[in-house]
Amino acid sequence: MKSLRLAILALGFVVTTSFISDTSLTDVYICKGPYSKKYHYDKNCRGLSNCSTSIYKITLTDAKQMGRSLCGWED
Ligand SMILES: [Zn+2]
């Protein structure tokens, strides 16, 4: 039964990993200014303090699809 236990362990690992890496429910903040190419975990981040537009809350998945990368203050 050793292989069965290994299989269960492996399955548990996959489930745990996919849960942790599921970014679809993570909210991030972006500025929609013309030079904004970053996203922020912290709404009060100094990288957002000079944003010229409103600050928008979107999901991390959307931010990545927009080609955004993590803010330099938060990486
Ligand atoms: Zn930031």
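Candidates Cys71, Cys45: the one that is in contact with a Gly (Cβ under 6 Å, 6 or more places away or on another chain) and touching a residue at least 12 places away in the same chain (Cβ under 8 Å) is Cys71. Take the residues in region 43-59 that are hydrophobic (A, V, I, L, M, F, W, C) and either away from the ligand (no atom under 13 Å from the Cβ) or assigned to a loop (DSSP other than H, G, I, E, B) (or both); name whichever of them is nearest to the chain's Cα centre (by Cα). Once the filter is applied, the top-ranked residue is Ile58. Somewhere in region 59-71, is a residue exposed (fewer than 10 other Cβ atoms within 10 Å of the Cβ) and at pLDDT 90 or above? Yes: one or more hits.
Restricting to region 60-75, and then to whatever is in a loop (DSSP other than H, G, I, E, B) and in contact with a strand residue (DSSP E or B) (Cβ under 6 Å, 6 or more places away or on another chain), can you tell me which residue is farthest from the ligand (Cβ to nearest atom)?
For region 60-75, the residue satisfying everything is Arg68.
The values are calculated or read from the model by the stated rules, or taken from the named source; none is laboratory data. Worth saying up front: this structure is predicted, and the values here are computed from it rather than measured. No Cβ is skipped: glycine too gets one built from the backbone with ideal geometry, and neighbour counts run over all protein chains shown.
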